[in-house]
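Trainee: After the structure tokens below, expect a handful of questions from me.
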Amino acid sequence: MSGRNVNIYLQDENYQKIERLIKERKVSRLMNQLVEEWDKKEKQQNKEEMRKKLIEEYKESIKNRSPGEKQALRAMEEASLEDVFTALNKKENEQNK
């Protein structure tokens, strides 16, 4: 496994919280876990923000449609969004394996 050395600054109270890990030489493992958790959280937030943005843009785009068009689009919306999110979740699960 390849990696990089990094110097970090910790406040005294945070240093004291991990001092035992430092003595056991487990800081690298802790930092890697923290970065992986942070990255996963960021990706999930970005995904949710994109989903909300797409929904808002879609709602804005159908405001000037006829009632019949709106009803047809809503029916397609339910099926399409479910298919899209199922596909996205499947792809994400495959990447996480």
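What follows draws every value from the coordinates through simple rules; no lab data is involved. What you are looking at is a predicted structure, and each value in this text was computed from that prediction instead of being measured. Positions of Cβ are generated from backbone atoms using ideal geometry, with glycine treated the same way; all protein chains shown enter the neighbour counts.
Trainee: If Rh is defined by the Kirkwood formula over all Cα pairs and Rg also comes from Cα, what ratio Rg/Rh do you get for the chain?
Mentor: Radius of gyration relative to Kirkwood radius: 1.26.
Trainee: Which pairs, out of LYS26/LYS91; LYS53/LYS90; LYS23/LYS97; LYS47/LYS91, put more than 23 Å between their alpha-carbon atoms?
Mentor: With Cα atoms farther than 23 Å apart: LYS26/LYS91; LYS23/LYS97.
Trainee: Between beta-carbons, use under 12 Å as the cut-off and find the net charge around LYS40, counting Lys and Arg +1, Asp and Glu -1.
Mentor: -2
Trainee: Also, quick follow-up: Under unit Cβ charges (Lys, Arg +1; Asp, Glu -1), what dipole magnitude, rounded to 20 debye, does the chain have relative to its Cα centre?
Mentor: 280
Trainee: Hey, another quick one. Of PHE85, SER28, LEU73, which is farthest along the charge dipole of the chain in the positive direction, counting Lys and Arg as +1 and Asp and Glu as -1 at C-beta?
Mentor: Ranked along the dipole, the leading option is SER28.
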